[in-house]
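Report on one structure; see the data block that follows.
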Amino acid sequence: MMAFQQGDGSVGKVAELSVIVPVFNEAENVGLLVGLVADALQDVAWELIFVDDNSPDGTAERVKAIASKDPRVRCIRRVGRRGLSGASIEGILASSALYVAVMDGDLQHDERILVRMLALIRATGTDLVIATREREGHAITGLSGKRSLVSDFGRFLSRLVIKSEVKDPMSGFFMIRRELVEAAAPKLATEGFKILADLLATADRPLVIRETPYVFRERQHGESKLDARVAFDYMGFLLHHLTGRLVPIRFFLFGLVGASGVVVHLLALKAALAGLPAYGFDVAQTLATFVAMLSNFLLNNGLTYRDRRISGWALVPGFLIFAASCSIGVIANVGLARLIFSEGQQWWVAGLAGALTGAVFNYVTSGLLVWRKKS
Ligand code: GDD
Ligand code: MN
């Protein structure tokens, strides 16, 4: 038997706390993080579960090299998948500890408050402890300036779906009783990054929550993976919960892309009519339809389905299938609109119902045929 030198009294003890760390391209940070967590949790039986989405920078190899010497560290390497929420959930579900914490792997979250969080959650009745970003005594909306506006608006909207009054529902740093996540898991969205907000919106009873402040650190190595697109994800998240989880999170972006397609279509039509007057309206309209479909396809590939993005030559069959399924969507759209209109409804009711049906049809078929979930 190999003996592990741990020096913290936790040898052979089952972990009370699993710290789940979603990572993507954090090779330079993981080693430092293990050291910092080990220092911060001296008297605690802990484990660290990194969940890596097959980072090209070799993050998983780095973690596994550490894990081969320290049984408190593990690595889940996921292939063909991306997403902070999904990775966090998978890490939590791999734990059998009483408590789990989710924490970023880029050293921006202050690991020294884990002890305080643990003390709070051990207290009878506490379900969830949220680490809230604070600067000089004031809660901050975190992130860089451009995202703080989004964050404020998000906070306002989130009151609509989150039943609990919390300062920072977007925090990526929290500790929770594992059993709560186990129960909620089938309802949680794996897309996006709003795992805490999702947990709060999904809980079927009001949770007992404690919040504790910490100072959000600057990133030293690597770069942030969250960009302006998260704002759209968040709108999708709210729509999802406002409709009782009926409308998928992605549908919001898919719908926006569809709406942008109308604008692209009209611009292309105008350009074609002006540039190729000899060919007449039909040719211009056909051309514009093609341009709009291509634009929708590329935008959906880059935004709506960025986690399942296709690239290279696969784009060609992808686009053809997308165009074919959208054409069938048009038939469904027009058919339904005509039916409703002939029943004596207002023109716009019929038009809207048709357009919505077409959008839903396109959403379903393109999700099944073009941006299939890899398994
Ligand atoms: N496995 C996996 N898959 N990990 C990911 C992915 C992914 O697709 N995307 C990001 N991560 C990891 C990063 O490697 C990092 O460890 C952590 O998730 C946070 O990602 P960052 O890219 O550093 O996020 P941020 O610093 O811009 O945003 C932080 O603040 C947000 C706003 O409050 C995070 O803490 C967010 O969770 C938080 O909501
Ligand atoms: Mn970060």
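The values are calculated or read from the model by the stated rules, or taken from the named source; none is laboratory data. The structure presented is a predicted model; accordingly, all values stated were derived computationally and were not measured. Here the Cβ is made from the backbone with ideal geometry for all residues, glycine too, and neighbour counts use every protein chain on show.
Among (1) in contact with a strand residue (DSSP E or B) (Cβ under 9 Å, 6 or more places away or on another chain); (2) closer than 28 Å to ILE249 by Cα, where does VAL30 come up short?
Condition (2) is where VAL30 drops out.
Does the range 37-51 contain any residue that is within 28 Å of GLU191 (Cβ to Cβ) and either modelled with pLDDT under 95 or near ligand 1 (Cβ under 10 Å from one of its atoms) (or both)?
yes
Can you give me the number of residues within the range 197-240 that are within 15 Å of ligand 2 (Cβ to nearest atom) and part of a helix (DSSP H, G or I)?
Quick first cut of the range 197-240, residues within 15 Å of ligand 2 (Cβ to nearest atom) only: 214-227, 230.
Right, trim to part of a helix (DSSP H, G or I) and you get 230.
Counting residues in the range 197-240 that are within 15 Å of ligand 2 (Cβ to nearest atom) and part of a helix (DSSP H, G or I) gives 1.
Under the condition of being closer than 18 Å to LEU196 by Cβ and hydroxyl-bearing (Ser, Thr, Tyr), which residue from the range 223-244 is farthest from ligand 1 (Cβ to nearest atom)?
The qualifying residue farthest from ligand 1 (Cβ to nearest atom) is TYR234.
For ARG133, state whether it is within 25 Å of VAL208 (Cβ to Cβ), in contact with a helix residue (DSSP H, G or I) (Cβ under 9 Å, 6 or more places away or on another chain) and basic (Lys, Arg). Outline the logic, then answer.
Values: within 25 Å of VAL208 (Cβ to Cβ): yes; in contact with a helix residue (DSSP H, G or I) (Cβ under 9 Å, 6 or more places away or on another chain): no; basic (Lys, Arg): yes.
The answer is no for ARG133.
So SER55 fits all but one of (1) more than 13 Å from ligand 1 (Cβ to nearest atom); (2) free of Cβ contacts under 8 Å to residues at least 40 places away in the same chain; (3) in a loop (DSSP other than H, G, I, E, B); what number is the exception?
(1)
Which is within 11 Å of ligand 1 (Cβ to nearest atom) and either under 15 Å from the mean Cα position of the chain (by Cα) or farther than 18 Å from ASP307 by Cβ (or both), of ASP104, ASP70?
Details: ASP70 fails: within 11 Å of ligand 1 (Cβ to nearest atom).
Checking each option against the conditions leaves just ASP104.
In the range 90-99, is there at least one residue being of a type in the set (Val, Ile, Thr) and at pLDDT below 95?
Step one: of the range 90-99, the residues of a type in the set (Val, Ile, Thr) are 92.
Now drop any that are not at pLDDT below 95, which leaves none.
No - not one qualifying residue is present in the range 90-99.
Looking at the structure I just gave you, is SER85 among the hydroxyl-bearing types (Ser, Thr, Tyr), more than 25 Å from ALA123 (Cα to Cα), surrounded by fewer than 22 Cβ atoms within 10 Å (Cβ to Cβ) and within 12 Å of ligand 1 (Cβ to nearest atom)?
Values: among the hydroxyl-bearing types (Ser, Thr, Tyr): yes; more than 25 Å from ALA123 (Cα to Cα): yes; surrounded by fewer than 22 Cβ atoms within 10 Å (Cβ to Cβ): no; within 12 Å of ligand 1 (Cβ to nearest atom): yes.
So SER85 does not fit the description; no.
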